Amino acid sequence: MQGFSYQGLIDQLSSQYGDKFSVEDATYAADNCGADWNAEALQAAQSYLAMSGFSYQGIIDQLSSSYGDKFTVDQATYAADNCGADWNQEAVQAGQSYLQLESFSRQGLIDQLSSSYGDKFTVDQATYAANQLGL
């Protein structure tokens with residue numbers, strides 16, 4: 001299964017759609033389960049990277065988002081630093097996904113991949129992707 005953050009585990013255990021434990025019991029479980037939260041973040045990062053192309057900052061944002069996995073920024077950064085991703089290849093993968101959906105100009109794809117509102121790859125990584133994708 002995908003790695004859980006401390007808060008994510010509490011939320012899952014106490015959810016009315018999940019296990020329905022009290023928040024107090026779920027917190028006790030999270031406090032005493034012996035989890036290595038960095039390892040959990042790493043597992044979650046590897047799961048995301050196996051499904052889709054993420055940038056370094058994109059995976060940190062996904063893992064640490066209050067709407068995402070709810071890891072701490074430090075835990076998410078640990079995962080990004082240790083997941084073994086080739087960020088250039090992740091940019092290529094993300095670029096391929098975009099090109100399957102619609103047409104992009106070379107600069108349009110670079111802008112999308114490197115946008116702070118988009119995928120958050122570096123301009124160099126986005127340019128590498130455009131080159132590899134023949135744009």
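The values are calculated or read from the model by the stated rules, or taken from the named source; none is laboratory data. None of these values were measured; they are calculated from a predicted model. So basically every Cβ, Gly included, is an ideal-geometry build from the backbone, and we count neighbours across all protein chains shown. Keep in mind that these areas ignore ligands, DNA and RNA; they rest on the heavy atoms of the full protein, side chains included. Shrake-Rupley method; radii C 1.70, N 1.55, O 1.52, S 1.80 Å.
Results, tabulated for the structure shown:
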read-out: Residue match in the range 57-71 (condition: among the basic types (Lys, Arg) and within 17 Å of GLN2 (Cβ to Cβ)); value: yes
read-out: Selection within the range 121-135 - assigned to a loop (DSSP other than H, G, I, E, B) and either surrounded by 14 or more Cβ atoms within 10 Å (Cβ to Cβ) or touching a His at 6+ places or on another chain (Cβ under 8 Å) (or both); value: PHE121, THR122, LEU133, LEU135
read-out: The range 85-113 residues that are more than 12 Å from THR127 (Cβ to Cβ), paired with ones that are of a type in the set (A, V, I, L, M) and open to solvent by 60 Å² or more (accessible area, probe 1.4 Å) (beta carbon under 8 Å, 6 or more apart); value: PHE104/LEU135; SER105/LEU135
read-out: Selection from the range 30-54 of residues that are surrounded by 17 or more Cβ atoms within 10 Å (Cβ to Cβ), of a type in the set (A, V, I, L, M) and farther than 29 Å from GLN112 by Cβ; value: ALA30
read-out: In the range 72-120, residue farthest from GLY8 (Cα to Cα) [restricted to those that are among the hydrophobic types (A, V, I, L, M, F, W, C) and open to solvent by 80 Å² or more (accessible area, probe 1.4 Å)]; value: LEU101
read-out: Check on ALA26, open to solvent by less than 30 Å² (accessible area, probe 1.4 Å), part of a helix (DSSP H, G or I) and farther than 26 Å from LEU113 by Cβ; value: yes
read-out: Members of the range 55-71 that are under 18 Å from LEU13 (Cα atoms), open to solvent by less than 50 Å² (accessible area, probe 1.4 Å) and without any contact (Cβ under 8 Å) to a residue 60 or more places away in the chain; value: GLY68
